[in-house]
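The values are calculated or read from the model by the stated rules, or taken from the named source; none is laboratory data. Source: prediction; values computed, not measured. All Cβ positions, even for glycine, are placed from backbone atoms using ideal geometry, and neighbour counts span all protein chains on display.
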Amino acid sequence: MTKSRSQQETHFNQARASLRQALSWYGNVRRHGNQPPHVELQAAVRNELQTLQSAFEKLDQKVIRIAAFGLVSRGKSAVLNTLMEQKVLQTGPLHGVTQWPRAVRWSPPGGKVQVELIDTPGLDEVQGQARARMAREVAQQADLILFVTADDFTRTEYQALCELRQSQKPLLLVFNKIDLYPDKDRKAIYRQLQKLGTGSNGKSPKEVLSQNEIVMVAAEPTPLQVRVEQPDGQFTREW
C-alpha cells in the first residue's frame, strides 16, 4: 500500500512538473517571440491552456470550487450559507441581492482542502449572450455546479441548464424552499423535475439531467408558529 501510494505521488509530481514546464515554455514564446507567431494555433489552445493553468493552481492550493446558478430569489446565497453553516453571503427579499459573481473561501472542519463557493447573479438579470458568457466563465472555474430552483421550471432556467451542461462539469439540481410544500406536492415536484431528463430539443437524458442529480432542500426554513400549553393550562403561541 505504501509503495503504491509512493508511486502515485511520484507520477503526480512528474505530471505537475511537465505541466509547469509546458506552461512556462508557452509563456516565454508569447512574451519573447522566440518562435514565429501562429495566431490561429494560439487562439485554438488559449482557452485550454487557461483551463490547465487554473487546474494546476487549484492542485497547488488544494481548492475545490462550487458555483451556484439560478433565477432571482431562488435562494442561491442561502444554499451556500447553509453549506458553510454561517451567514456569509447576503440574502433577502430584494430583487437581485447578488449583482455580480462573488467567491468566498470555506474550510470544512478537519478538511485538508479549502472550498471556494461562487455565488452568481440571477440568470433573469443577465440577458442573452452576456448570461451565456458569464455561465461559461464561472462554470469553467468550477468543480461542481449547483443549479438552484424553487418554483415551476422556466424556459430561461432550462436554457441555462443546457448551457451549463456543455461545460461537462458535475452538476446538481437543487430544489430549494421545499418546506413550503406539503408531502404530496413534494412528490409531484420531484416527478416533474425528473421529466427534465426526457431530453426535449433533441437532447438525451444524460445530457440534461439524471435522477441522481436532483436534491430537495430548505436552506432557510420558514418559521412556524406553534401552540404551547403552559403548566397552568393556558396556551401561548411561539415561533
How about the stretch 118-162: which of its residues are among the acidic types (Asp, Glu) and crowded, with 17+ Cβ neighbours inside 10 Å?
-> ASP119, ASP124, GLU157
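Quick check on PRO108: is it modelled with pLDDT under 85, assigned to a loop (DSSP other than H, G, I, E, B), assigned by TED's automatic domain parsing to the domain that holds GLN141 and buried (at least 20 other Cβ atoms within 10 Å of the Cβ)? Break it down into steps so the answer makes sense when it comes.
Numbers: modelled with pLDDT under 85: yes; assigned to a loop (DSSP other than H, G, I, E, B): yes; assigned by TED's automatic domain parsing to the domain that holds GLN141: yes; buried (at least 20 other Cβ atoms within 10 Å of the Cβ): no.
So PRO108 fails the test.
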Residue match in the stretch 122-141 (condition: under 21 Å from ALA219 (Cα atoms), among the β-branched types (Val, Ile, Thr) and at pLDDT 80 or above) = no
How many residues does the stretch 138-186 contain that are under 20 Å from VAL72 (Cα atoms) and free of Cβ contacts under 8 Å to residues at least 12 places away in the same chain?
-> 4
